[in-house]
Every structure is written in structure tokens, then in C-alpha cells.
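Written out below as C-alpha cells is the structure these notes cover.
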Amino acid sequence: MSELSGLGLLAWVYPPGLVDRVVAACGRVEQRRRLLPARLVMYFVLGLALFSPAPYLEVMRHLVEGLRSQGLLGEWRIPGKPSLFRARQRLGCEPLRVLFTTMAKPMGTQDTPGVFWRGLRLLAVDDTCWDVADTPANEAAFGRPGNSRGTEKSSFPQVRMACLVETGTHLVLDAELAGCRTGEVTLVGRLPRSCGPGQLVLADRKFLGVPLWRAFTATGADLLWRVPGNRVLPVDKRLPDGSWLSRIHACTDPGHQDPLTVRVVAYQLAGTGRAAVDYRLVTSLLDARRHPARRLAALYRERWEAEEVFAELKTC
């Protein structure tokens, strides 16, 4: 449908009134009438992502073709690329960040498959890296990772992105971006701001650490995270379902004076044509009757939905 293509689609998802309020809140309202008003530039930048990797002028043509077919453009003509570059610079990144923060809310309901487990909304945290244009400015801002050939570096600078996603809907609820020199734990450490009670956050073994764990649980969220293979988890109390209570310590607590109590779930996964793989999970859900170990082990596979989100973003 023409009304849901190009600009019409973006205006349906991001209503003009909301875009105008965001632009005003960020101080980007134009002081004089422009060929490219801030509202249109906002939709244009969103369109660059929606229609990637189409070039600037093609994206703008796609955005306004529905309006042109309805005779709503009058004498307006698509500006040249230099004007689009300058308009994007005037807008900056802040309005896009505010718009994302305003709109990125959980969408799944109790009836949406994969969104809830035993009354807890399932979320996952993970990170990935994106190649960006090979320019001196991007290399200075984001860095260029090394590669497997020793002292040589990657062909492209990279941006690291950490995300909090709703596993059942693949909705990105929060995200942080930085250069590839910024560690994934640092970026994920900024995401607890979007967590809260009634949520169960899944994560891979590279994120397991006491400070990050406490940052998430302080919000009221529960956690189910994989354990690195070399992590020692003593048995403090064996539970009826085979899991056990244990404790972990921060590396800044060499005297082990401030332990963190966790519940450990250990199991094996048999791979096709290979030996079984040992898995261990730790969780803040300490009640074995209410949250049986076998159910938690089966649930952990939902963490991989975050990888699917990254694949969708990189191939759209």
C-alpha cells in the first residue's frame, strides 16, 4: 500500500507529533523555513537504515514518492547531496538517541510466543561489532582491531554494540555503541538501566562477574548466565533437582569477604558426531521447586535469540 511505503511507513511507526516533540526537546527546531526541515531529516536518517545500503538521493526519493503521487509536494524538489550532508550534520545524533529511548519499550504480551517464562519476561544481553567506512576519522574515533596475522590490523574500523533484547519479539530495548577498543563488559554494564522486576536476563559466559551481576540484580531483575569452563563453583548446599547453591567472588575481593550466592545448574548437551559438551549455568532463581534445573537448562537456548537479532540487523 502506498500510504505504508517510504515516508508513510516511518510516519506510521514514528508519528510526526512525536518526532516534532523530540526535535524540539533537543533544540533542533529550525529558526527559518528550510528546504529540509528537521522532521524530514529525522525521517531521512531513519530511512538510511531502513533502506540500507541505498545511496542518499535514492533513499530520499523513496521516502517522498508516496507524497508526490498524491500531489502533496507542490513545487518541492529533492535537494542535492551536499544539502543532505549538511542537514544531517545539523540534526546530529541526539534526536535519534532520544527517539529510540522513547520508543524502545517491551512489546510482547502473555500471549506472544517466547516472551514470558513462568511469569518472567525473557531478555538477553550480548554484543557484536560492525565494520564502518575506512576513513581516518572513523579509525581515530572507533579504532581498528587486529587480525590473526600478527601485527597487521583489520581492513575496516569497527564499532562495538551491546544490546538488551526481548527474546520473543527480537525488539531491541536498549543499546550502547562505542569503538572496538571499549570492552563488551563495559558496554553491557550500562544496560541495567532498562531492566527491572519481573524480568529474567540471559547472558553468555564472557559476562559473568560479580560487579555486573550485582548491577543487574539491583534493578530487581533475575539472571540466568553461563559459566566459564575454568570457574570453580564449590557445593555449599545440594538441592533436590541436582543443582546446588554456591558462591562467587569479585577479583577485587581476594580475601573472599563479600561472597555472592548463586545457584548452579550443570548439564550436558550431546552434539551430532561429537562428544557431549558440559554446560554450567548460574542463576539468581534459588528456589529449585519453583524453577527446576531441567527447565532452566532447556530455557537457556533462548539466549541465542540475541544472535538472531544481530543477524537480522546486519542483513536488513
Does any residue of the stretch 151-174 turn out to be free of Cβ contacts under 8 Å to residues at least 12 places away in the same chain and of a type outside the set (Ser, Thr, Tyr)?
yes
Test of understanding: among LEU224, LEU173, LEU164, which residue is more than 26 Å from PHE100 (Cα to Cα) and modelled with pLDDT of 95 or more?
LEU224
Out of the stretch 253-282, which residues are surrounded by 14 or more Cβ atoms within 10 Å (Cβ to Cβ) and either assigned to a strand (DSSP E or B) or among the aromatic types (Phe, Trp, Tyr) (or both)?
LEU260, VAL262, ARG263, VAL264, VAL265, ALA266, TYR267, TYR279, ARG280, LEU281, VAL282
Hey, any hits in the stretch 275-284 for a residue that's basic (Lys, Arg), within 28 Å of the chain's Cα centre (by Cα) and at pLDDT 95 or above?
yes
Going by the structure shown, is ALA250 in a loop (DSSP other than H, G, I, E, B) and crowded, with 18+ Cβ neighbours inside 10 Å?
no
Among (1) in contact with a Lys or Arg (Cβ under 8 Å, 6 or more places away or on another chain); (2) farther than 30 Å from LEU224 by Cα; (3) modelled with pLDDT of 90 or more - the single one ILE78 does not satisfy
(3)
How many residues are farther than 30 Å from ARG290 by Cβ and surrounded by fewer than 16 Cβ atoms within 10 Å (Cβ to Cβ) when one looks only at the stretch 101-128?
3
Identify, please: which residue in the stretch 253-295 is in contact with a strand residue (DSSP E or B) (Cβ under 9 Å, 6 or more places away or on another chain) and among the charged types (D, E, K, R) and is, among those, nearest to PHE216 (Cα to Cα)?
ARG263
Answer yes if at least one residue in the stretch 159-167 is of a type outside the set (A, V, I, L, M) and more than 21 Å from LEU224 (Cβ to Cβ), and no otherwise.
yes
Does the stretch 295-304 contain at least one residue that is assigned to a strand (DSSP E or B) and on the phi < 0 side of the Ramachandran plot?
no
If you scan the stretch 94-121, which residues turn out to be in a helix (DSSP H, G or I) and farther than 30 Å from GLY17 by Cα?
none
Can you list residue pairs whose Cβ atoms sit under 7 Å apart, with the first residue in the stretch 7-31 being acidic (Asp, Glu) and modelled with pLDDT of 90 or more and the second being surrounded by 12 or more Cβ atoms within 10 Å (Cβ to Cβ) and assigned to a helix (DSSP H, G or I)? Count only pairs 6 or more apart in sequence or on different chains.
ASP20/ARG39
Quick check on VAL235: is it aliphatic (A, V, I, L, M) and either at pLDDT below 95 or within 18 Å of the chain's Cα centre (by Cα) (or both)?
no
Name the pairs whose Cβ atoms lie under 6 Å apart, with the first residue in the stretch 85-111 and over 19 Å from ARG34 (Cβ atoms) and assigned by TED's automatic domain parsing to the domain that holds VAL172, the second in a loop (DSSP other than H, G, I, E, B) and of a type in the set (Gly, Ala, Ser), and 6 or more positions between them or separate chains?
GLY108/GLY168
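The values are calculated or read from the model by the stated rules, or taken from the named source; none is laboratory data. Since the structure is predicted, the reported quantities are computational estimates derived from the model, not experimental observations. We place every Cβ from the backbone using ideal geometry, glycine too, and count neighbours over all the protein chains shown.
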